[in-house]
Each structure stands twice: as structure tokens, then as C-alpha cells.
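The values are calculated or read from the model by the stated rules, or taken from the named source; none is laboratory data. Please read these numbers as outputs of a predicted model, since none were measured by experiment. In this analysis, Cβ positions are derived from the backbone assuming ideal geometry, glycine residues included, and neighbour counts consider all displayed protein chains. Ligands, DNA and RNA are excluded from the accessible area calculation, which covers all protein heavy atoms including side chains. Shrake-Rupley method; radii C 1.70, N 1.55, O 1.52, S 1.80 Å.
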Amino acid sequence: MTGKRAIYPGSFDPITKGHLDIIKRALTMFEHVRIAVAHNPDKPSGLFTPTERCDMIRETVADLGDTVSVDAFHGLLVSYAQEVGAGTIVRGLRAVADFDYEFQMTLMNRHLADDVETVFLMADKSHFYTSSSLVKEVCAFGGDITPFVPALVAERLAAKFAKSGS
Ligand code: ADP
């Protein structure tokens, strides 16, 4: 595998146990994994701000030590990967629904930067249907999401929805 540093990009709005599973698997293959929270300052979107997302990820991965770093970025992913010296992009695959989008993204990124490889990892089957968007939807209606997200994330989600009165 080329390069010992990988980048794991996504929206992480918020981090779930599915993401965490992918991070831990990536760490068995790479010396360092940089979790990169994608955002667009000109068009902010999502429930949590990029800073809130990064903070939740940092707290979640604190016990993994300095093999993991967390940062927000905007712009082209491959340019960011090159900038931080990551030769590999890690993505997680769930059900078939992820495949088409991931396929397009990977080929486009390869067109933009042939030296940055993309690898796909599968999380444990218990996370196969976990997504940040579903977790937010269920939490907004008062459902129990504790099996799917780290405890601190469940607390922040509850606080967010309590504040917004949803
Ligand atoms: P989401 O679709 O949940 O908003 P992100 O954009 O934050 O996800 O996802 C970042 C990466 O993590 C993507 O490659 C996505 O497919 C992957 N991922 C997200 N949730 C899971 C999961 N439960 N199992 C495996 N991969 C996942």
C-alpha cells in the first residue's frame, strides 16, 4: 500500500459508531488516519457546526492517541490529501446505496490526482444501516439512538433538539 498516512473524509454530522468502526479498521492498515470534516463555508449546512463535529470526533477518538488527527477542510479533497501528505483516501461502504456515489467520487478523484488511491472498508454488520442522517431523524422525534452513536454524541444530539424545540 502506498503511503502510511490515510485520510478519512466525510460530513460526520455527527460521528456514529459506524464511522468509529471504520476508523479502527483503517488504523490496522495505516500509521496515521486523519479524519477530515468536509464543509463549505459559503453554504453552511448540517445540524452541527464543523467545530462541534470536530470536537465530538476528538473526544470520541481520544483513547486512540496521536495515530488519529481531526480537522475540518473545504475545497478539493485530493488537494487537501496531498497537502497533508496522505496517499490514501478511506471510505466506508454500507448497503448498495453507497456504491454509485462512491464509484463516481473515486473515479473523479483519480482523474484529479492519480497518485491518491481510494480504499473501501466495511464496518461490522451491526453498523450496516447506521447513518448520521437517520440517527438525526430518529432523535428529532424522541427515539432512542444510543446504540448507534457514542454516549457523548447522544447527549449533544439531545441537547441540540431540546434547544431547537423539535
Ligand atoms: P453519512 O452518509 O452518514 O452522512 P458521512 O458523509 O459522514 O456519512 O460518511 C463518511 C464516510 O463514512 C463515507 O464513506 C460513508 O459511506 C462512511 N460511513 C458512514 N456510516 C457508515 C457505516 N455505518 N458503516 C460504514 N461506513 C459508513
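Taking only segment 117-141 into account, find how many residues are part of a strand (DSSP E or B) and among the aromatic types (Phe, Trp, Tyr). Please lay out each step first, then the result.
Narrowing segment 117-141 to residues part of a strand (DSSP E or B): 117-122.
After this cut, where a residue has to be among the aromatic types (Phe, Trp, Tyr) as well, the list is 120.
Number of matching residues: 1.
Of the conditions (1) without any contact (Cβ under 8 Å) to a residue 40 or more places away in the chain; (2) open to solvent by less than 20 Å² (accessible area, probe 1.4 Å); (3) more than 12 Å from the ligand (Cβ to nearest atom), residue 31 satisfies every one except a single condition; which number is it?
Checking residue 31 against (1) without any contact (Cβ under 8 Å) to a residue 40 or more places away in the chain; (2) open to solvent by less than 20 Å² (accessible area, probe 1.4 Å); (3) more than 12 Å from the ligand (Cβ to nearest atom), the one that fails is (2).
Output the residues belonging to segment 92-106 that are without any contact (Cβ under 8 Å) to a residue 60 or more places away in the chain and either more than 9 Å from the ligand (Cβ to nearest atom) or of a type outside the set (Asp, Glu) (or both). Before the answer, list the steps.
First pass over segment 92-106, keeping only residues without any contact (Cβ under 8 Å) to a residue 60 or more places away in the chain: 93, 95-106.
Matches in segment 92-106: 93, 95, 96, 97, 99, 100, 101, 103, 104, 105, 106.
Can you tell me which residue among 161, 99, 128 is under 16 Å from residue 47 (Cβ atoms) and either open to solvent by 60 Å² or more (accessible area, probe 1.4 Å) or not hydroxyl-bearing (Ser, Thr, Tyr) (or both)?
Values: 99 fails: under 16 Å from residue 47 (Cβ atoms); 128 fails: under 16 Å from residue 47 (Cβ atoms).
Among 161, 99, 128, only 161 is under 16 Å from residue 47 (Cβ atoms) and either open to solvent by 60 Å² or more (accessible area, probe 1.4 Å) or not hydroxyl-bearing (Ser, Thr, Tyr) (or both).
Would segment 42-55 turn up any residue that is closer than 27 Å to residue 152 by Cβ, of a type in the set (A, V, I, L, M) and assigned to a helix (DSSP H, G or I)?
Just the residues of segment 42-55 that are closer than 27 Å to residue 152 by Cβ, to begin with: 44-55.
Going one step further and asking which of them are of a type in the set (A, V, I, L, M), we end up with 47.
Add one more test, that the residue is assigned to a helix (DSSP H, G or I), and what stays is none.
No: segment 42-55 contains no residue that is closer than 27 Å to residue 152 by Cβ, of a type in the set (A, V, I, L, M) and assigned to a helix (DSSP H, G or I).
So which residues in segment 112-123 are open to solvent by less than 60 Å² (accessible area, probe 1.4 Å) and more than 8 Å from the ligand (Cβ to nearest atom)?
If we filter segment 112-123 for residues that are open to solvent by less than 60 Å² (accessible area, probe 1.4 Å), which is where we start, we get 113, 116, 118-119, 121, 123.
Residues satisfying the conditions are 113, 116, 118, 119.
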